[in-house]
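Encoded as structure tokens, the structure appears first; notes follow it.
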Amino acid sequence: MSSGYLWLKALHIVFVTSWFAGLFYLPRLFVNLAMVDPSSQAEHARLLLMSRKLWRFMQPLMWLALGLGTWLWLGYGVTGGWMHLKLAVVAVLLGYHQTCGRLLRQIEAGTDTRSHVWYRWFNEIPVLALLVAVVLVVVKPF
Ligand code: HEM
């Protein structure tokens with residue numbers, strides 16, 4: 001593969017990793033927000049500010065990860081059965097990302113009633129998606 005391809009793949013992995021830092025940590029903040037004592041307004045406000053900043057930060061990271069991946073896929077024609085299933089995993093991740101945004105808006109509006117247990121299970125979804133996507137793209141089983 002050309003060095004250009006390898007540079008693109010390296011950048012793709014960097015932005016995928018950075019995007020996942022947000023996909024892992026933002027729901028973690030939601031777990032903490034669901035556990036904050038209602039009398040502790042300062043703690044709630046601090047966690048909400050962190051969530052808003054992280055959510056904003058995650059947008060460009062997601063688009064760079066997906067843009068570079070698409071460049072590798074369509075620009076260099078690297079594809080196969082593994083890529084089709086990987087794209088299905090990417091679709092699930094996009095849905096998860098958008099759901100995080102919707103949950104943040106509900107928490108901001110004070111209309112969210114989900115428990116910290118619900119958020120702990122919600123937080124596991126990107127772990128499973130990462131496992132499947134990385135095995136597909138590295139092992140290329142089909
Ligand atoms: C639109 C979305 C995406 C597309 C089109 C895409 C496409 C690609 C392509 C074509 C490669 C190069 C494969 C090779 O050289 O063997 C690649 C590498 C990689 N992708 Fe993606 N990708 C996308 C999103 C993701 C996501 C969400 C993850 C993580 C969950 C991910 C993880 C990786 C990893 C770890 C590699 C390096 C594999 C290796 O070096 O063998 N990609 N991607």
Report summary line: Over its alpha-carbon atoms, the stretch 1-118 yields an Rg and a Dmax in Å of 17.6, 59
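Report the relative contact order of the chain, percent, no decimals, based on alpha-carbon pairs under 8 angstrom and at least 6 residues apart.
39
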Query raised in the report: How much net charge surrounds residue 125 when only the other residues with a Cβ under 15 Å from the Cβ of residue 125 are counted, with Lys and Arg +1 and Asp and Glu -1?
Result: +3
Requested in this report: Using a 1.4 angstrom probe, figure out how much accessible area the stretch 3-139 has per residue, in square angstrom, rounded to the nearest whole.
Outcome: 56
Query - Surface accessible to a 1.4 Å probe, residue 111 within the full protein complex, Å² - result: 90
Report summary line: Only helices counted: for the chain, with every DSSP H run of 4 or more residues adding -39500 (n - 2.57) and the sum spread over all residues, [θ] at 222 nm is -28000 deg cm²/dmol
Report summary line: With the charge dipole of the chain built from beta-carbon charges (+1 for Lys and Arg, -1 for Asp and Glu) about the Cα centre, the Cα from 106, 89, 79 projecting farthest to the positive end belongs to 79
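Can you pull the percent of Cα pairs in the stretch 85-142 with separation above 19 Å?
Result for the distance tail: 41 percent.
Using the Cα centre of the stretch 26-142 as the reference point, and only Cβ charges (+1 on K/R, -1 on D/E), how large is the resulting charge dipole? Debye, rounded to the nearest 20. Let's see the in-between values first.
Details: 11 positive and 5 negative charges, 38 e Å.
The calculated dipole for the stretch 26-142 is roughly 180 debye.
The values are calculated or read from the model by the stated rules, or taken from the named source; none is laboratory data. Given the structure is predicted, the values throughout are model-derived calculations rather than measurements. Note: ideal-geometry Cβ built from the backbone for every residue, glycine included; neighbour counts use all protein chains shown. Just the protein is used for accessible areas: all its heavy atoms, side chains included, with ligands, DNA and RNA removed. Shrake-Rupley method; radii C 1.70, N 1.55, O 1.52, S 1.80 Å.
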